[in-house]
Amino acid sequence: MEEYDVVIAGAGPAGLTAGIYAGRDGLKALVLEKALKGGMGSTAPLVMNFPAFKSITGMELLKKIGEQASYYAKIRESEEIKSVEKTPERIVVRTDKNEYSAKAFIIATGTKYRELGVPGEMQFIGKGISYCSICDGMFFRGKEVLVIGGGNSAAEHALHLKDIGCKVKMVHRRDELRAQRYLQEKLEKEGVPIIWNSVVKEIKGDTVLKSVVIHDRVRDVDEEIPVNGVFIAIGETPSSQLAVELGAEVDAASYIVTDKDQKTNVHRVYAAGDVTGGVKQLVVACAEGAVAAVSAYNDIKIEE
Ligand code: NAP
């Protein structure tokens, strides 16, 4: 069993920044990531509100944060945590490859994409359905695509798809967007059409996606629209299972409850970033990761 001062679950902005702060404080820190470092933040087409960068892609920003974190913490990618257990003295973390023991545990596992839950969605993932325009947008250059959702993510995806040459429309279930004003203005300026008051009923195709049936909630009619691609951006659900396993409190929407020091109700277990809900911004995730690491450091030092 490998021993660490702190094990951090998740290598998005919160987990990586926790790694930077933990390492700089002299803690032996390990960041475990089930996929590749960067997290959902690296799928942001353009970040224009992270201090010090007027405009930077999510991928480039997270690459920089990841490089910095690797100076201070060990980062292991493609290693999924399978279970976590709290003993009186330590926290034992078991992955698909290894077993670790730590004095403190920081959960920075973020969120996962919410699914529409309509017929055809699962069938056409990778065959026309995507949740990430940065990853898959280029396959639809010059083609007809729909973006489902009315939040910041949907707006950003639509703008990115338009920018790379897709024929994009948005579909939103209400008559006003949730997205921030500057994004709404940009959509208007770029002339992105929005199909209002409409929800997706079914996604159809054969070997690839061919059309989408949408239901107009005001007129109470269905319409089948021929499209090549559908980008779903209808929000997220927190990946908080590890907290539940440890007995840490989660709220009604399954976000981990923390205090201002990012402490959960379980001793030496902390949470940071989108998995705690609140204001989901890259800079907030980084800040919470820093606070969690400093709290872990203080608790370890006070109690030693
Ligand atoms: P979000 O803000 O929760 O918006 C989800 C959108 O999808 C809403 O417009 C919602 O409609 C719609 N929706 C939800 N369930 C639906 C369903 N079953 N069918 C159809 N539509 C549905 O999610 P998000 O845009 O992914 O953003 C997540 C968080 O990250 C937010 O806090 C956001 O501010 C943040 N974020 C920030 C930035 C930025 O600052 N640039 C960029 C991306 C994300 P209603 O509006 O009717 O509820």
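Read-outs: derived from the displayed coordinates by stated rules, not from any lab. These numbers were taken from a predicted model, which means no experiment stands behind them. Every residue, glycine among them, receives a Cβ derived from its backbone with ideal geometry; neighbour counts consider all protein chains shown.
More than 13 angstrom separation, counting every C-alpha pair in segment 235-291; what % is that?
Pairs farther apart than 13 Å: 54 percent.
Magnitude of the Cβ-charge dipole of segment 115-232, K/R +1 and D/E -1, about the Cα centre, nearest 20 debye?
On the way: 17 positive and 18 negative charges, 43 e Å.
Charge dipole, segment 115-232, about its Cα centre: 200 debye, nearest 20.
Quick one: net charge around D96, please, counting Lys, Arg +1 and Asp, Glu -1 for every other residue with C-beta under 14 Å from its C-beta.
0
Lys/Arg Cβ at +1, Asp/Glu Cβ at -1, dipole of the chain taken about the Cα centre: which of I75, A102, A9 is farthest positive-ward?
Sorting the options by dipole projection puts first I75.
Let me check the size of the chain from its C-alpha atoms; what are the radius of gyration and Dmax in Å?
Just the Cα atoms of the chain yield Rg and Dmax of 20.8, 67 Å.
Once segment 115-232 is represented by equal point scatterers at the alpha-carbon sites, with solvent omitted, what log10 I(q)/I(0) does the Debye formula produce at q = 0.13, 0.15, 0.17 Å⁻¹?
-0.44, -0.59, -0.76
Write out the GluC sites (Glu not before Pro) in segment 39-102 meeting two conditions: DSSP loop, and at most 10 other Cβ atoms within 10 Å of their Cβ. Could the numbers behind the result be given before it?
Values: sites: E60, E67, E77, E79, E80, E85, E89, E99; in loops: E77, E79, E80, E89.
Counting only loop positions with at most 10 other Cβ atoms within 10 Å, the GluC sites (Glu not before Pro) in segment 39-102 are E89.
Percent antiparallel among DSSP beta bridges with both residues in segment 115-232, to the nearest 5?
Restricted to segment 115-232, the bridges split so that about 50 percent are antiparallel.
Translational diffusion coefficient of segment 6-165 at 4 °C, 1.567 mPa s, Stokes-Einstein with Kirkwood Rh over Cα pairs, in µm²/s as a whole number.
74
Taking the Cβ of V291 as the center, what net charge do the other residues with Cβ under 11 Å away carry, scoring Lys and Arg +1 and Asp and Glu -1?
With Lys, Arg at +1 and Asp, Glu at -1, the neighbours total -1.
Given +1 on the Cβ of Lys and Arg, -1 on the Cβ of Asp and Glu, and no further charges, what dipole in debye does the chain carry about its Cα centre, rounded to the nearest 20?
640
Return, in residue-number order, each cysteine of the chain whose C-beta is not under 4.7 Å from any other cysteine's C-beta.
If one checks each Cβ against the other cysteines of the chain, C166, C286 turn up with nothing under 4.7 Å.
Provide the FRET efficiency to the nearest 0.05 for the E176-R141 pair, computing r from the beta carbons and using R0 = 25 Å.
About 0.25, to the nearest 0.05.
Would you mind listing how long segment 6-77 runs along its three principal axes, going by Cα atoms, in whole Å with the largest first?
33, 25, 14
Quick one: Kirkwood hydrodynamic radius for segment 154-304, alpha-carbon pairs, angstrom, one decimal?
Every distinct Cα pair counted, the radius reaches 18.7 Å.
Give me Rg over Rh for segment 112-163, both radii from the alpha carbons and Rh done the Kirkwood way, two decimal places.
For segment 112-163, the value is 0.93.
For S133, S101, what's the fewest-to-most ordering of other Cβ within 10 Å of each Cβ? Don't skip to the end; give the middle numbers.
On the way: S133 30, S101 16.
Result, fewest neighbours first: S101, S133.
Test of understanding: express the Cα radius of gyration of segment 87-173 as a ratio to 2.2 N^0.38 Å, with N the residue count.
Numbers: Rg = 19.3 Å, N = 87, 2.2 N^0.38 = 12.0 Å.
Scaled against compact globular proteins, the figure is 1.60.
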